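The values are calculated or read from the model by the stated rules, or taken from the named source; none is laboratory data. What you see is a predicted model; the values in this text were computed from it and never measured. Because the Cβ atoms are built from the backbone with ideal geometry, glycine has one as well, and the counts that use them run over all protein chains shown. Note: accessible area is taken over every heavy atom of the protein model, side chains too, but ligands, DNA and RNA are not part of it. Shrake-Rupley method; radii C 1.70, N 1.55, O 1.52, S 1.80 Å.
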Amino acid sequence: MAITLEEVRHVAKLARLDLDEGEIVYFQSELNALIGHFSDIQKVDVSGIVPTSHAVVMQNVWAEDIAEEGLPRVTALRNAALHRAGLFVVPQIIED
Amino acid sequence: MLTGLSAFEIAAKVRAKEVSCVEVAQAFIDRVGELDGQYGAFLRLAPEVTLEQAAAVQERVDRGEAGLLAGVPIALKDNISTLGIETTCASKILEGYVPPFNATVVEQILAADGVVLGKTNLDEFAMGASTETSAYQLTKNPWDTTRSPGGSSGGSAAAVAAELAPVALGSDTGGSIRQPASLCGIVGFKPTYGRTSRYGLIAFGSSLDQIGPLARNVEDAALLASVTSGKDPRDGTSLPNPPIDISSLKSRSLKGMKVAVPDEMFGDATSPEVQAVIEEAMKTLEAEGVVFTRVSIPSIKLGVTTYYIIAPAEASSNLGRFDGIRYGLRAEGKGHIDLVEKTRSAGFGKEVKTRIMIGTYALSAGYYDAYYVRAQQVRAIMQQEFAQVYQDYDFVLSPTSPITAFKIGELNQDPLALKLLDYCTIPANMGGMPGISINAGFAGGLPVGLQLLAAPLEDESVLQAAYAIEKALPGASGRPPMP
């Protein structure tokens with residue numbers, strides 16, 4: 001299953017990466033090298049095997065419902081490149 | 001020299017008031033200033049913070065209240081959040097980011113009267129095995145500065161090997177503590193998944209990541225592991241078990257210890273010189289009463305593929321938070337989406353982009369079942385196969401890395417070359433198992449690490465066995481050539 005340039009563009013869009021044409025070609029070859037290697041697991045008999053996402057199974061981890069102080073607003077904003085009036089500044093999202 | 005002492009020795013001298021915490025801290029700050037130009041282990045020190053913490057610890061020492069790490073300076077991999085000290089993950093996207101909180105492990109260190117020495121270099125976002133993908137600098141192996149220290153915790157490993165810090169913390173997602181420990185001739189321990197809190201560890205692969213110690217001997221590694229483990233309500237995957245108990249560290253005998261040796265970790269990819277050192281060590285251990293049995297664990301061969309689907313899939317989701325809005329780099333863009341895309345493209349390096357792309361691909365419609373689900377099924381098979389082995393054996397032994405330290409630049413051109421070398425370390429992350437690397441000897445003047453794995457929650461056993469093995473192989477460790 002070789003990955004096409006079109007698929008690389010699509011994946012870049014999903015991943016929110018703005019790649020130029022040179023990078024698209026570069027990542028096509030990187031991804032194909034890796035995906036080429038991935039074929040070994042396609043041959044494994046996985047019938048009846050339940051996929052596992054964690055090593056040590058834990059379920060229903062509850063936290064006590066206790067109100068705690070969050071980060072002060074001024075601290076939470078300190079690392080933002082742009083903030084104003086106690087809020088993060090983002091570009092306009094809804095078109096005029 | 002103060003800087004050549006172990007963490008245990010430093011804490012003892014501080015408690016006995018033979019030396020002050022500030023003197024200890026200053027000695028390490030000076031040594032890093034003097035020598036780290038050769039190694040590039042640290043991304044930054046924070047001497048004011050270090051000396052202030054040292055002075056505060058000294059006050060407690062003077063009152064007779066010193067903790068287990070009394071005055072011990074600790075180097076931290078730069079993906080561990082430190083209040084007031086820049087934390088970058090060696091990425092341009094986090095340049096200038098100063099965490100507003102400490103990771104739980106940092107709080108635990110401070111509560112035990114340890115001192116934060118500085119932040120060490122890593123592969124960008126811990127994605128790599130050579131520390132070459134750092135956006136800032138190369139780190140050199142103290143045994144041969146033309147060679148890589150391994151990675152991704154290469155800065156922490158080089159710092160400890162070069163006596164720039166007595167101990168350090170790293171993080172291990174597919175071998176990132178154990179492999180650099182192996183290549184730098186020191187001890188690296190990855191605890192059972194969930195025994196050490198991940199709160200404040202900037203996430204890479206959340207179901208695999210685990211923080212752990214790097215040290216020059218097993219006792220120091222165990223000490224730091226015990227301080228940095230235990231239930232943390234701020235990490236939902238943190239286990240309810242008590243902290244790692246090291247009170248019986250020295251109690252285990254090698255006599256009758258049952259150790260499985262998987263054929264798949266000694267295959268063609270393992271270099272003959274590494275194999276020879278491990279086999280020599282096994283002979284010595286056999287004479288001490290260890291019973292070795294060759295076994296087959298077929299899924300080990302599928303580990304690299306499974307890992308390079310699951311870890312990037314998790315990373316592609318975790319790294320979604322870097323959008324230029326709340327922290328880190330912000331690029332200009334025409335509208336919101338454009339800003340996010342331009343920020344990420346400017347801020348992430350090539351390896352990180354590759355992994356985000358692979359992970360996004362593996363999770364995307366049409367490929368999810370063929371890659372991600374299947375990888376999780378293979379992960380389940382691997383866990384079952386290892387569980388079977390642990391029914392009959394106490395430990396699994398192998399080389400940590402199939403090769404010794406490689407030349408900087410030697411393996412970073414081919415996208416697969418380095419990744420294919422992770423097959424001995426990956427299973428511990430896939431199965432949540434504790435794993436340790438200790439030095440077994442030398443090949444061509446370079447250290448060779450031996451890895452010991454055990455069933456999940458057997459952290460105490462694996463540390464006890466490693467301690468006994470270290471004692472049985474007295475000629476195995478050494479000091480790199482340095483002042």
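Just a few scattered comments:
- Meets criteria (under 26 Å from B:LEU2 (Cα atoms) and in contact (Cβ under 8 Å) with a residue 12 or more places away in the chain) for B:VAL98: no
- In this entry, B:ILE300 is excluded by the filter for residues that are facing chain A (nearest Cβ under 7 Å) and in a helix (DSSP H, G or I).
- Check on B:VAL274, over 26 Å from B:VAL373 (Cα atoms), open to solvent by 10 Å² or more (accessible area, probe 1.4 Å), β-branched (Val, Ile, Thr) and under 28 Å from the mean Cα position of the chain (by Cα): no
- Residue check: B:ALA66 meets all listed conditions (1) at pLDDT 95 or above; (2) over 22 Å from B:PHE322 (Cα atoms) but one, namely (1).
- The residue that is surrounded by the most Cβ atoms within 10 Å (Cβ to Cβ), counting only those in region B:220-257 that are farther than 11 Å from B:LEU463 by Cβ and among the β-branched types (Val, Ile, Thr), is B:THR228.
- Restricting region A:13-55 to residues that are within 7 Å of chain B (Cβ to nearest Cβ) and small (Gly, Ala, Ser) leaves a set whose member that is farthest from B:LEU302 (Cα to Cα) is A:ALA15.
- Odd one out for A:ALA63, checked against (1) buried (at least 16 other Cβ atoms within 10 Å of the Cβ); (2) out of contact with any Leu (no Cβ under 9 Å at 6 or more places or on another chain); (3) within 8 Å of chain B (Cβ to nearest Cβ); (4) closer than 27 Å to B:SER207 by Cα: (1)
- With respect to the conditions (1) under 22 Å from B:ASP209 (Cβ atoms); (2) out of contact with any Leu (no Cβ under 8 Å at 6 or more places or on another chain), B:THR360 falls short on a single one, namely (2).
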